Amino acid sequence: MLTVATGNKAVALAVKQAKPVVIAAYPITPQTEIVEQIAEYVSSGELPARYIAVESEHSAMAACIGASVTGVRTFTATSSHGLLYMHEMTNWAAGARLPIVMANVNRALGPGWNIWAEHTDAMQERDTGWLQVYVASVQEAYDATLMAFRIAEDNDILLPVMINLDGFLLSHIMQPLDAVEPNDFIPPLHLPHAIDTKNPAGYGTLTGPEDYFKFRWDIERSMRDSMKVIAATEDEFSRRFGRTYGFTEDYLCEDADVIVVSMGTLGREAEVAVDHLRNEGVKAGSMRLRWFRPFPDLDLRGREVVVIDRDYSFGFGGVLAKSIQAKNRIDVFSVIAGLGGQEVTYDDIAGFVKNRRMGTEFWFGVTGNV
Amino acid sequence: MPEIPKEEFILKCTSACAGCSASLSLRYVLKAAGPDTVLVVPACCTSVIQGIYPNTAMNVPVYNVAFATAAASASGMSSAFRALGKKTNVIVYAGDGGTLDIGIQALSGAFERGTDFLYICYDNEAYGNTGMQRSGGTPLGAKTTTTPAGKTDVKKDIDAIIAAHEPPYQATACAAYPQDLFKKVQKALSIRGPTFIHVLAPCPPGWRYSTEKSVEIGKLAVKSGIWVLYEREYGNLTITAPSKAAIKKPVPLEDYLAPQGRFKGIDPKTLGILKQRVAKNLQRLAQEEAGVC
Ligand code: SF4
């Protein structure tokens, strides 16, 4: 079915089609439309689920955890401070191996109050054991949400999945949306450790030094396995519904001398920048990283690399740039741009490429720096 | 007298302190609830007394959750069970810290939403699990490790806060009266919606008395009127028998305080305030029962 939708509405539609049994959520700008739309689906009977209107994000994740451990499908959505408020429980969800799916509408952190796009909120969740995908279009937000349930609930994974979409730039932008009939693409959830009062067990009990690390290792093992599961799920999605994704979306990378790596909507802007650069004779390409956890190996050998971070780790650097540097053992030109919704056009990105200085960091818009 | 089942849901070898009345209460709670029950436990003594993975001393599923989230987690769990058409009892068993202090936001939310669950606060009047720091439940004048000179604030009235949410059922109980607790748990579980039982749980190391005295101290709490046993069903208050007697003729508060090291050296002024508050509370509840509000 072809329609138009905002990123938020596309996520809500995919959630409806995945048929969660419990949704617990708290509204926060710019995520609000997702939870409002789901509440609407539930109240109209289109989605036969329980919608728990909780008193905080901390409770939203706790309620999802309580519901998920009974073996039912759960969903929540949040953004920015909501995600940070949830942080204790996002760790709990992953540690308890619960396949909760959450949309996070990326937004900057206060102070000063800023409701516009930035990835620092999700970056602060990167060590929790959640899988993280970053999307760049309304269609992708929808497709990734459907796939998230499938991936999270795979019995080799059983880890929560976070779909990240840029605040306003994607959450509130209308684009065409081709909705599918997922049918058996998302099979019924089978949670091997679901609570069963006929077979009582302790959950989350005190765990000593001789056992705790085994549970941690198990999360890492599933993270590694998730590479295969993500690839297989995306393959099947592409066979059934005709749209192909991957760990990265590569644009004119094959013969490129310089590659721009970014995440989210900046990746779309980078593709336009690449077209312009090619017209000017610069052999540029764009690589948009989709999955940040698990973090894939990127094929960047022999090229110069410009990384744009819409996030920052103070006293350290752009998280994406540093991750690529560490994992690929290469020098990059690290650009910090787009914080708090700062406008970054394709012209600006073309400028980053033309003025690149490998091995340095550049804060876009800040004068007298680097 | 209710018929109390022989079946045990707490197995031998918990790591509770000797004389722990929180564990004694839990034993009766689970006997009243039966096997189709999930216990939701935030950080508190009960999260420790189950024992260490891979063993557990509990014979019902116990879901351990983060300190602030017991009511919210139970809310999600209860919603899921009801959506699946299951009647499984969802019981939060939380200490006073997880209830009166850090967990109160989630507690209030779950009651406002009409969550179908039973929330039990076992109140040992301090953070027992971390070594007896003061909590919102610590009474005026009691010494804890963070109120070494005695607490200067009064005990938070969580029952009045819960009452303001107008739940269909709420009650108080005391570990020293297990049959009363048993009956109240059964009644709470027979009612749909959020129900609350506040259990006073004397704690030998925290209250600094010798381990064999838990039941005696609990009885003195009720007889002196510092702890009042009652039920409030759909807003109607009924004071439970032992407290009725205490309203007529309470034993001196000193009889309750004297055996406890935590009140040792309490100054006369504080004692006076404590006595006044006890008398006022007894009068308030008696009036509420009589319909004079
Ligand atoms: S500290 Fe008190 S409540 Fe905690 S286990 Fe020991 S006796 Fe029981």
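Quick notes on this one:
- Within segment B:178-208, the set of residues being in contact with a helix residue (DSSP H, G or I) (Cβ under 6 Å, 6 or more places away or on another chain) and over 27 Å from B:L237 (Cβ atoms) comprises B:P204, B:W207, B:R208.
- Sole residue being within 16 Å of the ligand (Cβ to nearest atom) and part of a loop (DSSP other than H, G, I, E, B), chosen from B:E212, B:E125, B:E166: B:E125
- A:V366 meets all of the listed conditions (1) under 23 Å from the mean Cα position of the chain (by Cα); (2) aliphatic (A, V, I, L, M); (3) surrounded by fewer than 18 Cβ atoms within 10 Å (Cβ to Cβ) but one, namely (1).
- Flag for B:K184 being open to solvent by less than 10 Å² (accessible area, probe 1.4 Å), of a type in the set (D, E, K, R) and more than 16 Å from B:T99 (Cα to Cα): yes
- Cross-chain or 6+ apart pairs with Cβ under 8 Å, segment A:153-180 first and of a type in the set (F, W, Y), then open to solvent by less than 10 Å² (accessible area, probe 1.4 Å) and assigned to a loop (DSSP other than H, G, I, E, B): A:F168/A:P30; A:F168/A:A117
- One residue from A:E269, A:E234, A:E220 being farther than 22 Å from A:L159 by Cβ and acidic (D, E): A:E269
- Whichever residue in segment A:186-242 is farther than 30 Å from B:I49 by Cβ and of a type in the set (G, A, S) and, among such residues, is surrounded by the fewest Cβ atoms within 10 Å (Cβ to Cβ): A:G242
- Residue in segment A:164-187 that is more than 19 Å from A:G246 (Cα to Cα), over 19 Å from the mean Cα position of the chain (by Cα) and within 14 Å of chain B (Cβ to nearest Cβ) present: no
- From the list B:V41, B:V65, B:V60, the one residue that fits, being away from the ligand (no atom under 16 Å from the Cβ), buried (at least 24 other Cβ atoms within 10 Å of the Cβ) and closer than 19 Å to A:A201 by Cβ, is B:V65.
- The requirement of being among the charged types (D, E, K, R) and within 16 Å of the ligand (Cβ to nearest atom) is not satisfied by B:D116.
- Qualifying residue in segment B:69-84 (condition: β-branched (V, I, T), more than 14 Å from the ligand (Cβ to nearest atom) and farther than 23 Å from B:Y177 by Cα): yes
- Answer from B:A22, B:A80 - the residue that is in a helix (DSSP H, G or I) and over 23 Å from B:D96 (Cβ atoms): B:A80
- So B:A149, is it assigned to a loop (DSSP other than H, G, I, E, B) and either at pLDDT below 95 or within 16 Å of the ligand (Cβ to nearest atom) (or both): no
- Restricting attention to segment A:311-350, the residues that are touching a His at 6+ places or on another chain (Cβ under 7 Å) and either outside any helix (DSSP H, G or I) or free of Cβ contacts under 8 Å to residues at least 40 places away in the same chain (or both) add up to 1.
- Condition check for B:R192: farther than 19 Å from B:R134 by Cα, in contact (Cβ under 8 Å) with a residue 60 or more places away in the chain and not in a helix (DSSP H, G or I): yes
The values are calculated or read from the model by the stated rules, or taken from the named source; none is laboratory data. Predicted, not measured: the structure shown is a model, and the values here were computed from it. When we count neighbours, we look across all protein chains shown, and the Cβ atoms used for this are built from the backbone with ideal geometry, even at glycine. SASA here: full protein model, heavy atoms, side chains in, ligands and nucleic acids out. Shrake-Rupley method; radii C 1.70, N 1.55, O 1.52, S 1.80 Å.
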